[in-house]
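Right, one structure below, let's go through it.
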Amino acid sequence: MTSPAPTAEAVLLHLCQSVVSEPEDVSIETTADGDRVRLDVTVNAEDMGRVIGRRGRVASAIRTVVGAAAAKDGVVTEVEFVE
């Protein structure tokens, strides 16, 4: 099955792997509901703070960039960081 948001998923994977210290532990689970796509990101427990950042600034920036990439896919994304 192909991803409903391949560009957004690729951008999200790249951004998360760039921030964490264990890039091989990053995984993304995609759930689609019409034109809305939920992307659940799982990272190593020790890297969760890096992905979220102070006051959630890194997570917010990642969501903004992924949202822009999702526009190319013609969908709206919701990015969640799962522990």
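Observations on the model:
- Restricting the range 26-57 to residues that are at positive phi and assigned to a loop (DSSP other than H, G, I, E, B), the residue that is surrounded by the most Cβ atoms within 10 Å (Cβ to Cβ): Gly53
- Subset of the range 31-70 (residues that are acidic (Asp, Glu) and under 15 Å from Ala10 (Cα atoms)): Asp40
- Looking only at residues in the range 13-22 that are in contact (Cβ under 8 Å) with a residue 24 or more places away in the chain and surrounded by 14 or more Cβ atoms within 10 Å (Cβ to Cβ), the one that is farthest from Arg50 (Cα to Cα) is Leu15.
- For the range 60-83, the set of residues classified as over 14 Å from Pro4 (Cβ atoms) and surrounded by fewer than 17 Cβ atoms within 10 Å (Cβ to Cβ) consists of Ser60, Ala61, Thr64, Val65, Gly67, Ala68, Glu80, Val82, Glu83, listed by residue number.
- In the set (1) under 9 Å from the mean Cα position of the chain (by Cα); (2) aliphatic (A, V, I, L, M); (3) buried (at least 16 other Cβ atoms within 10 Å of the Cβ), Ala10 fails one condition alone, (3).
- Residue among Thr7, Thr30, Thr42, Thr64 that is of a type in the set (Val, Ile, Thr) and touching a residue at least 60 places away in the same chain (Cβ under 8 Å): Thr7
- Selection within the range 63-83: residues that are among the small types (Gly, Ala, Ser) and touching a strand residue (DSSP E or B) at 6+ places or on another chain (Cβ under 7 Å). The member of this set that is farthest from Val20 (Cα to Cα) is Ala70.
- If you check Ser21, Ser60 for being out of contact with any strand residue (DSSP E or B) (no Cβ under 9 Å at 6 or more places or on another chain) and assigned to a loop (DSSP other than H, G, I, E, B), only one passes: Ser21.
Every read-out reported here was derived from the displayed coordinates using simple, explicitly stated rules and does not represent laboratory data. No experiment lies behind these values; they were computed from the predicted model shown. Ideal geometry is used to build each Cβ from the backbone, glycine not excepted, and the neighbour counts take in all protein chains shown.
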